[in-house]
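Everything below concerns the one structure shown next.
The values are calculated or read from the model by the stated rules, or taken from the named source; none is laboratory data. In this text, all values refer to a predicted model and were calculated from it rather than measured experimentally. Heads up, the Cβs are rebuilt from the backbone with ideal geometry, glycines too, and the neighbour counts pull from every protein chain shown. Protein only, heavy atoms only, side chains kept; ligands, DNA and RNA dropped before computing areas. Shrake-Rupley method; radii C 1.70, N 1.55, O 1.52, S 1.80 Å.
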Amino acid sequence: MSLAALPIFVKLAGRPVILIGEGEAANAKRRLLERAGARIVDESGEAALAIVAIEDPAPIVARLRARGILVNAVDRADLCDFTLPAIVDRDPVLVAIGTGGVSAGLAAALRQRLEAVLPASLGGLARALAAARPAMRSRWADSGARRRALGAALAGPLDPLADHPAGAVERWLQDGGAPTAILLRFSLTSPDPDDLTLRQARALAQADRVFHRADVPASLLDRARADAVRIACDAVPAAPEAGLSVYLEMGA
């Protein structure tokens with residue numbers, strides 16, 4: 001299945017962005033650009049991106065595109081080269097929800113749900129993990145062992161959906177941070193990936209390897225990390241390797 005658009009994060013601090021329009025829609029985009037540190041210019045300015053928030057954007061969009069500028073036309077998905085997602089901000093963690101301009105209301109509703117799920121401490125956890133990179137490299141020189149140890153921690157003591165106090169990463173390292181073997185077993189009731197529980201989806205996204213019965217559909221296996229090993233088997237593995245393993249079978 002092809003992507004309708006490629007999600008990217010663009011650093012706009014100090015860079016010019018064209019904004020054309022007045023009123024509520026244009027003001028909302030202005031506030032968003034200002035939060036990103038962009039330098040807002042008019043149509044005559046030199047920029048790589050432009051946002052147009054007027055009643056009839058087609059003529060202006062055509063002129064901007066002729067200059068090689070990528071354009072977002074507010075409420076006109078058919079004229080957009082890029083769209084602006086709903087954002088959950090846990091600096092430095094950013095979660096962007098896009099619908100390709102199909103339904104801004106749906107994106108906003110999903111953002112509200114995620115706001116309630118993602119703890120305020122998530123950004124602090126990300127910064128602590130960045131600061132701990134030298135210590136992790138020192139403890140696990142092998143990148144595979146380091147990835148498994150971190151994966152096991154994020155599935156357990158450093159669960160990103162839990163609220164962690166300051167020093168949680170340091171305590172994890174002091175306690176040993178050993179990449180223990182964790183095996184989660186799930187009996188799935190539906191072949192539809194959208195029916196996965198939050199816990200199942202999180203486990204698949206973090207697993208180092210996925211053991212599965214032959215009748216588990218590819219659509220479910222695709223929810224695992226791209227580099228996770230897939231292992232077809234007829235029974236729960238007796239002794240999985242270090243890191244996080246998931247066993248999937250279809251329920252009755």
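Going residue by residue through region 149-157, is there one that turns out to be under 24 Å from Ala96 (Cα atoms) and open to solvent by less than 30 Å² (accessible area, probe 1.4 Å)?
Looking for residues that are under 24 Å from Ala96 (Cα atoms) and open to solvent by less than 30 Å² (accessible area, probe 1.4 Å), one finds at least one in region 149-157, hence yes.
Tally time: how many residues in region 197-225 are more than 16 Å from Ala153 (Cα to Cα) and open to solvent by 30 Å² or more (accessible area, probe 1.4 Å)? Show your work before the answer.
The first filter runs over region 197-225 and keeps only residues more than 16 Å from Ala153 (Cα to Cα), leaving 197-198, 200-201, 210-225.
When the remaining residues are screened for being open to solvent by 30 Å² or more (accessible area, probe 1.4 Å), the result is 197-198, 201, 213-215, 217-219, 222-223, 225.
Counting residues in region 197-225 that are more than 16 Å from Ala153 (Cα to Cα) and open to solvent by 30 Å² or more (accessible area, probe 1.4 Å) gives 12.
Cβ-Cβ distance below 7 Å, separation of 6 or more or different chains: which pairs start in region 103-117 with a residue that is farther than 13 Å from Leu161 by Cβ and end on one that is among the basic types (Lys, Arg) and open to solvent by 70 Å² or more (accessible area, probe 1.4 Å)?
Going by the 7 Å Cβ cut-off, there are no qualifying pairs.
Report, by residue number, each residue of region 69-82 that is open to solvent by less than 60 Å² (accessible area, probe 1.4 Å) and without any contact (Cβ under 8 Å) to a residue 60 or more places away in the chain. Steps first, please.
First pass over region 69-82, keeping only residues open to solvent by less than 60 Å² (accessible area, probe 1.4 Å): 69, 71-74, 77, 79-80, 82.
Those that are open to solvent by less than 60 Å² (accessible area, probe 1.4 Å) and without any contact (Cβ under 8 Å) to a residue 60 or more places away in the chain: Ile69, Val71, Asn72, Ala73, Val74, Ala77, Leu79, Cys80.
With region 135-232 as the region, which strands (runs of 3 or more DSSP E) entirely inside it contain at least 1 residues that are modelled with pLDDT under 90 and β-branched (Val, Ile, Thr)? Don't jump to the end; show me each part of the working.
Working: elements: 181-188, 209-212, 229-232.
Of the strands (runs of 3 or more DSSP E) lying wholly inside region 135-232, those with at least 1 residues that are modelled with pLDDT under 90 and β-branched (Val, Ile, Thr) span 181-188.
Please work out which one of (1) in contact with a Ser or Thr (Cβ under 8 Å, 6 or more places away or on another chain); (2) surrounded by 18 or more Cβ atoms within 10 Å (Cβ to Cβ); (3) modelled with pLDDT of 90 or more is the condition Val246 fails and give its number.
If we test Val246 against (1) in contact with a Ser or Thr (Cβ under 8 Å, 6 or more places away or on another chain); (2) surrounded by 18 or more Cβ atoms within 10 Å (Cβ to Cβ); (3) modelled with pLDDT of 90 or more, just (1) comes out false.
Could you identify the single residue in Pro85, Pro92 that is farther than 30 Å from Ala238 by Cβ, under 17 Å from the mean Cα position of the chain (by Cα) and loosely packed, with under 12 Cβ neighbours inside 10 Å? Let's see the steps before the verdict.
Working: Pro85 fails: loosely packed, with under 12 Cβ neighbours inside 10 Å.
Going through Pro85, Pro92 in turn, just one is farther than 30 Å from Ala238 by Cβ, under 17 Å from the mean Cα position of the chain (by Cα) and loosely packed, with under 12 Cβ neighbours inside 10 Å: Pro92.
Can you tell me which of (1) under 30 Å from Arg223 (Cα atoms); (2) modelled with pLDDT of 95 or more; (3) assigned to a helix (DSSP H, G or I) is the one Arg113 doesn't meet?
Among (1) under 30 Å from Arg223 (Cα atoms); (2) modelled with pLDDT of 95 or more; (3) assigned to a helix (DSSP H, G or I), the lone unmet condition for Arg113 is (2).
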